[in-house]
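In what follows, a structure is listed as structure tokens, so that the remarks can point back to it.
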Amino acid sequence: MAEQTVGLTGFGGYIPRLRLQRKAIAQANAWVAPNFLGKAKGERSMANWDEDSVTMAVEAARDLLGPDDDRSHVDAVYFGSTTMPFADRLNSGIISAALTLEDHVRAIDVSSTQRAGTSALMQALTSAKSGETRNGLVLASDHRKTKAVTAQELDFGDGAAALSVGTDNVIAKYLGGASLTVDFVDHFRSDTEEFDYNWEERWVRDEGFSKIVPRAVKSALDDAGLKAEDIAHFVLPSVFGMKFIAGLAKKCGLNPEVARDTLAANCGETGTAHALVMLINTLQTEAKPGDKVLVAQFGGGCDALIFEVTDKLASMSGKRGIAGSLAERVEENNYMKFLTFNGLVEWERGMRAEQDKKTALTTLYRNEDMLMGLVGGRCTETGVIQFPRSRISVNPNKHTVDTQEPYKFAEKKAKILSWSADYLSFSMNPPNHYGMVVFDEGGRIMMDFTDVETGNVESGMEVRLVFRVKEVDEKRGFKRYFWKAVPIPASVAGAQAAE
């Protein structure tokens, strides 16, 4: 009996639209760190104030899953991150609720190492190969805080990657891999600290990467029954530059030319997500059927996985993925905005921000599908669609009772009916944009707007819905999530319709 093919069946990605110019960082800190001016090239991705590792993972997953809101085929979620919003709450459970997955889904958080993303992927592949799961969803996302005037502030970026794992319609067959566990501490962050403590770069480069990665690569090649010259693409995140990675590839026996772009110039390193971010970008921009791709991630040792691209990759041509997400950029030169969004400066929020934001956990639980998944109701007798769902229909001509079935709004097309830009109410990014959103198939919701360019909002504009942080209860350390509307400029909406 032939061995079943296991591998990647789809991908999705999300890089925040804001791209902070490194020149802005370097110029703001030139008085204390003039050496930064030498690194003031390119840009790094910058999450909005209402984004975190969970919301970015949700967006990457939605990109993978597409507009079909039936996600019943997903039976496992693996979420890798070192910046999960909750230390003791199932973060992958939040993601599952936002994606309206079935409650029998297997949800697992993987953390505490930069290779959490690749380790989550290895778990999913092992589970699929054994038959325990059929359609696993692997997500990796990081939103790391950095101290001001550090190299990490320039090198890091925010982002997320999503891969589906299974045995049907495989776009990249898994050939083999290896996991090497070594307690080599290149950096660390204790449970009482906000920021990483980083060790000397030369030590990390020469004793860490240069000695540990080749061992993992050799073990992966042996497991896959391949030779180094068989590899067409070498994916390895590192902030040490492409020259170093090419040299490391050569040390592993690979052709230095197979080392793939780390996306340092236009994204930055996205932490646990970055190996998968680079893999997806490689699949989108360079890989072709028959190519063998070696993906490695360093951190507490090293993971190395090898895939062979199949002709099914062509089915992914319409995905936004990482390449499309990188193209959807807005240049940001306001360094103070970056510091504020990341909670790195104390600023006067005014009395309107002084309110108790305690979340009623009982209400959240009883209305989870509505609050987390944006699920409303549709009357089975009259067809009237409404949000929120209730026992009594809002149909003015026929107030039917207990006739509503769940109706998912998140993937439906909608437009702005009316809106306001408010400087009086508190907002992390004033003015506070909000308004009434009407859906093409019926129903309307009053929503906050996000990712807004002031002066570019108009009634009648199309919107897409995104899962974001609604409020933060700083007194108790609880984040509350909900859905927001992102206005789509007419030019972009027209281009999407043409596609």
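The values are calculated or read from the model by the stated rules, or taken from the named source; none is laboratory data. Quick caveat, the model's predicted, so the values are computed rather than measured. Neighbour counts run over all protein chains shown; Cβ positions are idealised from the backbone, glycine included. In case anyone asks, the SASA skips ligands and DNA or RNA and just uses the protein heavy atoms, side chains included. Shrake-Rupley method; radii C 1.70, N 1.55, O 1.52, S 1.80 Å.
A few notes on this one:
- For the chain, the share of accessible area belonging to carbon and sulfur comes to 50 percent (1.4 Å probe, ligands and nucleic acids excluded).
- Here each label is just a point 7 Å from Cα along the line to Cβ, and for Glu471 and Ala151 those points are 4.3 nm apart.
- Against the chain, whose longest principal axis is taken from its Cα atoms, helix 210-224 shows a tilt of about 80°.
- Convex hull volume of the range 387-499 per residue (C-alpha atoms, cubic angstrom): 150
- For the range 60-217, the alpha carbon positions stretch 48, 33, 25 Å along the principal axes, listed from largest to smallest.
- Antiparallel bridge percentage (DSSP; both residues within the chain; nearest 5): 80
- Taking the alpha carbon gyration tensor of the range 24-93, multiplying each eigenvalue by 5 and rooting it gives semi-axes of 37, 16, 10 Å, largest first.
- Solvent-accessible area per residue in the range 267-426 equals 50 Å², computed with a 1.4 angstrom probe and all protein chains kept.
- Under 26 Å from Lys358, Cα to Cα: lysines that are on another chain or at least 8 residues apart: Lys145, Lys470, Lys475, Lys479, Lys484
- Inter-label distance, nm, simple model (7 Å from Cα along the C-beta direction), Val182/Val401: 7.1
- For the range 294-367, the fraction of alpha-carbon pairs in successive 5 Å shells from zero, as %: 3, 8, 7, 9, 10, 11, 14, 16, 12, 6, 3, 1
- Accessible surface of Trp347 - all protein chains present, 1.4 Å probe, nearest 10 Å²: 80
- Across the range 229-244, computed HN-Hα scalar couplings (Karplus, 6.51 cos²θ - 1.76 cosθ + 1.60, θ = phi - 60°) run 6, 6, 7, 9, 9, 10, 10, 8, x, 6, 8, 8, x, 5, 4, 5 Hz from first to last residue, x flagging Gly and Pro.
- Largest to smallest in accessible area, the residues Arg89, Arg202, Arg476 fall in the order Arg202, Arg476, Arg89 (1.4 Å probe, all protein chains included).
- Rounded tilt (10° steps) of 274-285 against the dominant C-alpha axis of the chain: 90
- Computed from the C-beta positions of Asp223 and Val330, the FRET efficiency with R₀ = 60 Å rounds to 0.90.
- Alpha carbon convex hull of the range 282-434, projected area averaged over orientations, nm²: 17.1
- The GluC sites (Glu not before Pro) of the range 168-223 that DSSP puts in a loop, and whose beta carbon has at most 13 other beta carbons within 10 Å, are Glu193, Glu194, Glu200.
- Ellipticity at 222 nm from helices only: DSSP H runs of n ≥ 4 in the chain, each -39500 (n - 2.57), divided by the residue count, give -7000 deg cm²/dmol.
- The long axis of helix 116-130 is offset from the longest Cα principal axis of the chain by roughly 90 degrees.
- Which listed pairs, of Lys211/Lys292; Lys39/Lys251; Lys39/Lys337; Lys173/Lys288, have C-alpha distances above 18 Å, in listed order: Lys211/Lys292; Lys39/Lys251; Lys39/Lys337
- Square roots of five times the Cα gyration tensor eigenvalues for the chain, Å: 38, 29, 20
- At 1.306 mPa s and 10 °C, Stokes diffusion of the range 179-246 via Kirkwood alpha-carbon radius, µm² per second: 113
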